[in-house]
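Q: Have a look at this one before I ask anything.
The values are calculated or read from the model by the stated rules, or taken from the named source; none is laboratory data. Quantities reported herein were computed from a predicted structural model and do not represent experimental measurements. Counting neighbours? That spans all protein chains shown, and the Cβs are built from the backbone with ideal geometry, glycine included.
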Protein chains: 2
Amino acid sequence: MLQLSKKVEYALIALRHMAMNSHGHVFTAKEIAVKYNISYELLAKVLQKLTKSGVVVSLQGMHGGYTLVKRPDQVQISYIINVIEEEKPTIAECYAEGGEDCSLFDACTIRKPLEKVQHNLNLLFEKTTLEQII
Amino acid sequence: MLQLSKKVEYALIALRHMAMNSHGHVFTAKEIAVKYNISYELLAKVLQKLTKSGVVVSLQGMHGGYTLVKRPDQVQISYIINVIEEEKPTIAECYAEGGEDCSLFDACTIRKPLEKVQHNLNLLFEKTTLEQII
DNA sequence: ATAAATACGACTGATCCGGTCTTATATTAC
DNA sequence: GTAATATAAGACCGGATCAGTCGTATTTAT
Ligand code: SF4
Ligand code: SF4
């Protein structure tokens, strides 16, 4: 309940790892997975998503790997979650994109008031960047 | 991901319903379930938990039901979640009570920094009370 | 006695999620 | 040009969680 998924945690751990060390350095999925005891295949998929979203760039082939290309203070946690989960973090399905198919939608009396909570959650995850977790 | 469970939503809807109407009034699980299109049995279990935690009191037998006994501004959402889920809302298992059995615990580098986010989430759910969603 | 309500635990089906496996492709070293 | 090493991408699986249901006991007003 309310918890970040493992994939998001792995993304944050990997990104933090990259941010901590010299910028421009290339890290392989394997070395990060080993260092932090993360499933290699899973981490690889996470890094692939981060690549597609432009947070890191990848180099294929031998001596390949991933490089962080955004400034840590420009990488919002909300963005990472959005990239990995492929949806924004919401406290109820009706706040997600096109999520008006809750059967209670019309009768629901808490949707409107909870928008404030949702908004505050957005602010929290937006103001928290990679830099904060270094 | 990050979403409140249906049970928590049902609790909030029911509590709001009670708070809106005259204090001291007795509401049955059935009438609330019908009004908001919620599974009766599920709502009943939710109200039972709220009873055990002292947010409402129950009257058994005919003409029984539930009555809100706390002032809306005294009922924190964090408390409701805690009661219904039987655990505090956390963004990672390691922040839950006795939740140090994450296999990454030692190697994890984001646990410490994310405490701040957890703390802010706590504040958000604590400062949000039933009164805010009326 | 009967009806109407809460109390409580067992059960079920669907969905989600962490993790694995397989195959393809790209790049470098030799 | 072949072997080695890396990313890319998608299929697959087993366990856990969760919304919802059911059955049964108990309480209380009429
Ligand atoms: S409409 Fe109400 S019940 Fe449905 S998801 Fe939104 S808040 Fe929850
Ligand atoms: S220790 Fe790290 S990986 Fe484990 S639950 Fe806490 S934050 Fe997540």
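Q: Would you check if there is a residue in the stretch A:65-81 being under 29 Å from B:Asn21 (Cβ atoms), away from DNA strand C (no atom under 16 Å from the Cβ) and aliphatic (A, V, I, L, M)?
A: Step one: filter the stretch A:65-81 for residues under 29 Å from B:Asn21 (Cβ atoms), giving none.
No: the stretch A:65-81 contains no residue that is under 29 Å from B:Asn21 (Cβ atoms), away from DNA strand C (no atom under 16 Å from the Cβ) and aliphatic (A, V, I, L, M).
Q: All but one of (1) more than 11 Å from DNA strand D (Cβ to nearest atom); (2) touching a strand residue (DSSP E or B) at 6+ places or on another chain (Cβ under 9 Å); (3) more than 23 Å from A:Leu104 (Cα to Cα) hold for B:Leu59; which doesn't?
A: So B:Leu59 meets the others, but not (1).
Q: Find all pairs meeting these conditions: Cβ atoms under 6 angstrom apart; at least six residues apart or on different chains; first residue within the stretch A:113-134 and in a helix (DSSP H, G or I); second residue surrounded by 14 or more Cβ atoms within 10 Å (Cβ to Cβ) and among the β-branched types (Val, Ile, Thr).
A: Close Cβ pairs satisfying both conditions: A:Pro113/B:Ile133; A:Val117/B:Thr128; A:Gln118/A:Ile91; A:Phe125/A:Ile77; A:Leu130/A:Val75; A:Ile133/B:Ile110.
Q: Sort out which residues of the stretch A:1-56 are surrounded by 18 or more Cβ atoms within 10 Å (Cβ to Cβ), over 23 Å from B:Met1 (Cα atoms) and within 13 Å of another protein chain (Cβ to nearest Cβ), and write them in order of number.
A: A:Met18, A:Ala19, A:Ile32, A:Ala33, A:Tyr36
Q: Here's another thing I want to ask about it. Hey, B:Asn82 hits all of (1) crowded, with 19+ Cβ neighbours inside 10 Å; (2) within 23 Å of A:Leu124 (Cβ to Cβ) but one; which does it fall short on?
A: (1)
Q: Can I ask one more? Are any residues in the stretch A:81-102 facing chain B (nearest Cβ under 7 Å) and either closer than 19 Å to B:Lys6 by Cα or modelled with pLDDT under 95 (or both), and if so, which ones?
A: Correct list: A:Pro89, A:Thr90, A:Ile91, A:Ala92, A:Glu93.
Q: Somewhere in the stretch A:55-70, is a residue aliphatic (A, V, I, L, M) and touching a Pro at 6+ places or on another chain (Cβ under 6 Å)? Break it down stepwise before answering.
A: Looking only at the stretch A:55-70, we keep the residues that are aliphatic (A, V, I, L, M), and these are A:55-57, A:59, A:62, A:68-69.
Applying the additional criterion that residues be touching a Pro at 6+ places or on another chain (Cβ under 6 Å) yields none.
Checking the stretch A:55-70: not a single residue is aliphatic (A, V, I, L, M) and touching a Pro at 6+ places or on another chain (Cβ under 6 Å).
Q: Among the residues of the stretch B:108-125, which ones are at the interface with chain A (Cβ under 9 Å from one of its Cβ atoms) and either at pLDDT below 95 or farther than 25 Å from A:Ala33 by Cα (or both)?
A: First, pick out the residues of the stretch B:108-125 that are at the interface with chain A (Cβ under 9 Å from one of its Cβ atoms): B:108-110, B:112-114, B:116-117, B:120-121, B:124-125.
Passing the criteria: B:Lys116, B:Asn120, B:Leu121, B:Leu124, B:Phe125.
Q: Also, quick follow-up: Sort out which residues of the stretch B:1-37 are part of a loop (DSSP other than H, G, I, E, B), more than 15 Å from the chain's Cα centre (by Cα) and more than 13 Å from DNA strand C (Cβ to nearest atom), and write them in order of number.
A: Here is the first cut: in the stretch B:1-37, the residues part of a loop (DSSP other than H, G, I, E, B) are B:1-5, B:21-26, B:28, B:37.
Subset that is more than 15 Å from the chain's Cα centre (by Cα): B:1, B:21-26, B:28, B:37.
Across the stretch B:1-37, the qualifying residues are B:Asn21, B:Ser22, B:His23, B:Gly24, B:Asn37.
Q: Here is a check on your reading of the model: is B:Val69 more than 14 Å from chain A (Cβ to nearest Cβ), hydrophobic (A, V, I, L, M, F, W, C) and touching a helix residue (DSSP H, G or I) at 6+ places or on another chain (Cβ under 7 Å)?
A: Values: more than 14 Å from chain A (Cβ to nearest Cβ): yes; hydrophobic (A, V, I, L, M, F, W, C): yes; touching a helix residue (DSSP H, G or I) at 6+ places or on another chain (Cβ under 7 Å): no.
Criteria not met by B:Val69.
Q: Anything in the stretch B:106-126 that is farther than 24 Å from A:Thr129 by Cβ and touching a helix residue (DSSP H, G or I) at 6+ places or on another chain (Cβ under 7 Å)? List them, or say none. Give the steps one after another, and end with the answer.
A: Restricting attention to the stretch B:106-126, the residues satisfying the condition of being farther than 24 Å from A:Thr129 by Cβ are B:106, B:126.
Matches in the stretch B:106-126: B:Glu126 only.
Q: Tell me the residue from B:Thr109, B:Thr67 that is touching a Phe, Trp or Tyr at 6+ places or on another chain (Cβ under 9 Å), of a type in the set (Ser, Thr, Tyr) and within 24 Å of A:Leu15 (Cβ to Cβ), please. Steps first, answer last, please.
A: Working: B:Thr67 fails: within 24 Å of A:Leu15 (Cβ to Cβ).
Answer to the check: B:Thr109.
Q: Further question on the same structure: Does any residue of the stretch B:59-74 turn out to be assigned to a helix (DSSP H, G or I) and free of Cβ contacts under 8 Å to residues at least 60 places away in the same chain? Outline the logic, then answer.
A: Restricting attention to the stretch B:59-74, the residues satisfying the condition of being assigned to a helix (DSSP H, G or I) are B:72-74.
Among the residues that remain, those that are also free of Cβ contacts under 8 Å to residues at least 60 places away in the same chain are: B:73-74.
Within the stretch B:59-74, one or more residues are assigned to a helix (DSSP H, G or I) and free of Cβ contacts under 8 Å to residues at least 60 places away in the same chain.
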